[in-house]
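Below is one structure, written out as structure tokens, with a few remarks after it.
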Amino acid sequence: MKRLPEHVDFIVVGAGVAGLRAAIALAAAGKVLILAKQELTESATQYAQGGIAVALSDEDEIGLHLQDTINAGDGIVNQDAGRVLVEEGPERIQELIDWGTQFDRQGTRLTFAREAAHSRNRILHAHGDSTGREIGRALYAKAVTLKNVTFSEYEFTAALHVESGRVGGVELISANGTLHLVTSSAVLLATGGAGHVYSNTTNPAVATGDGVAMAYHAGAEISDMEFVQFHPTALYLKNAPRFLLSEALRGEGAVLRNAELTRFMPKYHEMAELAPRDVVARAIAHELEVSRTKDPVVYLDMTHLKAEQIKTRFPRIYATCLKHNVDLTVDQVPVRPAAHYLMGGVRTDLEGRSSLPGLYAAGEAACTGVHGANRLASNSLLEGLVFGARAGHAMGAELTSKSSNSARLAVRPAGGDSGTDTDQFIHEVQQLMWMQAGIVRSRHGLTDALHKLQAAAEHLPLPYSRHNCEARNIHTAALLIVRSALARLESRGAHYRTDYPEHDDIRFKKHSIATEKGVRFV
Ligand SMILES: Cc1cc2nc3c(=O)[nH]c(=O)nc-3n(C[C@H](O)[C@H](O)[C@H](O)COP(=O)(O)OP(=O)(O)OC[C@H]3O[C@@H](n4cnc5c(N)ncnc54)[C@H](O)[C@@H]3O)c2cc1C
């Protein structure tokens, strides 16, 4: 069995777009260990379908991409971060192409698709709807050529190692349950999102909010956790996963119909099906609530589009739906919203530095404020590339020669089982969050969720194992979402409260920061 090193220069937790891109930048500065808790290919990056936004087409401008990002973020996009994203995006994409990424083309020209809330066609895609997989493939292929980069899969990072106020390593639980400590000059969290805080999610099973929870327990500031994006259209079939039906389908002309098969989006927004995601998700929630049939779904209809167009443009989506006996070209497809993307995360500056020395974060686990209160579709793969690269460069410049001879594993709750069934514990948190802290929120529901989560803290599953750590992380992320959502007494972006349905710019045109002391706005 491959032995883990006791010390490396840099640890990158996560092998999605952000972790891989950061590691490529870091390799010039020292030895990098990339950790993944499952196989390297299990990440949200692998499932990203629609594409990656970049202002590269002849009809587009960087300023327009910035403006669309700011508009989607509903007043609180960190404009410096937004500018970095759109200005550095083209260079990062060119680099990807140079490293072998095969984006779709017509002849020799890149093809750009349109998605919701984009004012131009600017979404690059690969193999139709396998953009993330192609980007991940190319980044991995580049990273393995770098002799300073080592990969270790199935290594679960359970906690950050903090010594004298500086993060200097990670505690790992291997697949066989053994604990290890690996020390390093600095650690980058690129652990992705937290979709599994909710009972309906498009996210892969690895998205349990581990990075955010570990950073929080180590004392780092966590920002904007109330902003969870719910994707309007996840396939909803009994016994099937909540497979994402990309926005790009609506970009190509698919429409939404309610239980009576009436198209409803035009009455909610002038952009109809291409309105911002939170608008579409809330419209669906409303249609479900008022439906006389009480069906749990609405329908995505693309039967009016050319069958060949659907099959060529969305081969993976078409094939996956067919596996579940749904033919996109002839059937009304049952869909409903699902938790999709976490705008909040570990608070960082534009170089990925968190508030804790030695700790960096990038990608979905991080919060630079670039998405504000709502992410513009297809901006997250780009975020992983741009801010992953930046974090890698900044971390590399900070290499310390500190040796780690004195480092010891912390004593953790081990031994006898707590008696709590882990899967049941997770299920209860997920249901609670879906009901009380989901698409539509109120003080009453959020307070109920807070009390129940606080009570559940007495029954966190033991012993200290991989799955029990995930349960604890889901619980921590859920508490952070609820506390932040309770503190934000307004509606903005993806955060909607029936008791405060309007913006309150005077008090809340700001970012929330959650620490153990409470939630404040800056
Ligand atoms: C179905 C779906 C479709 C999407 N479509 C698009 C799209 O078209 N365009 C777009 O821009 N965005 C899209 N997104 C969002 C985008 O894919 C993600 O935001 C982005 O890929 C996140 O990248 P990341 O590197 O931050 O994390 P991820 O790609 O999620 O990688 C996380 C990594 O962290 C590791 N990890 C997590 N916890 C631990 C731990 N405790 N110990 C060790 N390793 C750990 C995992 O093993 C994994 O390697 C989509 C998301 C989903 C789920």
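The numbers here are math on the coordinates, done by the rules we state, and not lab data. Just so you know, these numbers come straight off a predicted model, no measurement behind them. Note that we place each Cβ from the backbone using ideal geometry, even for glycine, and neighbour counts take in every protein chain shown.
Report the Cα centroid-to-centroid distance between the range 349-404 and the range 95-148 in angstrom, as an integer. Here the two parts' Cα centres lie 21 Å apart. Pairwise Cα distances in the range 192-269 exceed 14 Å for 72 percent of all pairs.
Dipole size in debye (nearest 20) for the chain around its Cα centre, Lys and Arg Cβ +1, Asp and Glu Cβ -1? All intermediate terms of the calculation are to be shown ahead of the outcome.
Numbers: 54 positive and 59 negative charges, 86 e Å.
That gives the chain a dipole magnitude of about 420 debye.
Going by neighbour counts of Cβ atoms within 10 Å, the residues Ile62, Ile222, Ile135 line up, fewest first, as Ile62, Ile222, Ile135. Enumerate the lysines that Lys306 could reach by cross-link, defined here as Cα to Cα under 24 Å, with residues fewer than 8 away along the same chain left out. Of all the lysines, those that pass the test against Lys306 - Cα under 24 Å, at least 8 places apart if same chain - are Lys323. Cross-link pairs exceeding 31 Å in C-alpha to C-alpha distance, out of Lys238/Lys452; Lys294/Lys510; Lys267/Lys294, comprise Lys294/Lys510. Remark: Asp9, Asp421, Asp331, Asp129 ranked as Asp421, Asp331, Asp9, Asp129, counting other beta-carbon atoms within 10 Å and listing the fewest first. Normalised by the number of residues in the range 1-81, the mean separation of alpha-carbon contacts (under 8 Å, six or more apart) gives a relative contact order of 23 percent. For the range 98-255, relative contact order (Cα pairs under 8 Å, six or more residues apart, normalised by length) works out to 15 percent.
Once the Cβ-Cβ distance of Glu289 and Val144 is raised to the sixth power relative to R0 = 60 Å, the FRET efficiency obtained is 0.75. Short-range pairs are left out: with C-alpha atoms under 8 Å and at least six residues apart, the relative contact order of the chain is 22 percent. Taking every Cα-Cα distance in the chain and sorting them into 20 Å bins starting at zero, the pair-distance distribution P(r) comes out as 24, 58, 17, 0 percent. Each of Thr293, Tyr318, Val279 was scored by the projection of its Cα onto the charge dipole of the range 258-339, and the greatest displacement toward the positive side belongs to Tyr318; charges sit on the C-beta of Lys, Arg, Asp and Glu.
For the chain, the residue among Leu249, Leu409, Gln309 whose Cα projects farthest onto the positive side of the dipole built from Cβ charges is Leu409.
Report, in order of residue number, the helices in the chain meeting two criteria: a C-alpha extent of 24 Å or more along the helix axis, and a mean Kyte-Doolittle hydropathy of at least -1.0; treat each whole DSSP H run as one helix. Don't skip to the end; give the middle numbers.
Details: long enough: 79-98 (29 Å, -0.63); 380-397 (25 Å, 0.77); 466-487 (32 Å, 0.19).
Correct list, ordered by number: 79-98, 380-397, 466-487.
Write out the GluC sites (Glu not before Pro) in the range 33-75 meeting two conditions: DSSP loop, and at most 16 other Cβ atoms within 10 Å of their Cβ. When the GluC sites (Glu not before Pro) of the range 33-75 are filtered for loop state and at most 16 Cβ neighbours within 10 Å, Glu39, Glu59, Glu61 remain. Sorting Met302, Met214 from the fewest to the most surrounding beta carbons within 10 angstrom yields Met302, Met214.
With loop membership from DSSP and a limit of 13 other Cβ atoms within 10 Å, the longest segment of the chain without trypsin sites (Lys or Arg not before Pro) is 4-146.
Dipole of the chain computed with +1 at Lys/Arg Cβ and -1 at Asp/Glu Cβ about the Cα centre; of Ile439, Leu20, Gln38, farthest Cα towards the positive end is Gln38.
Only aspartates and glutamates eight or more places from Lys509 in sequence, or on another chain, were considered; those with a Cα closer than 15 Å are Asp74, Asp224, Glu226, Glu490.
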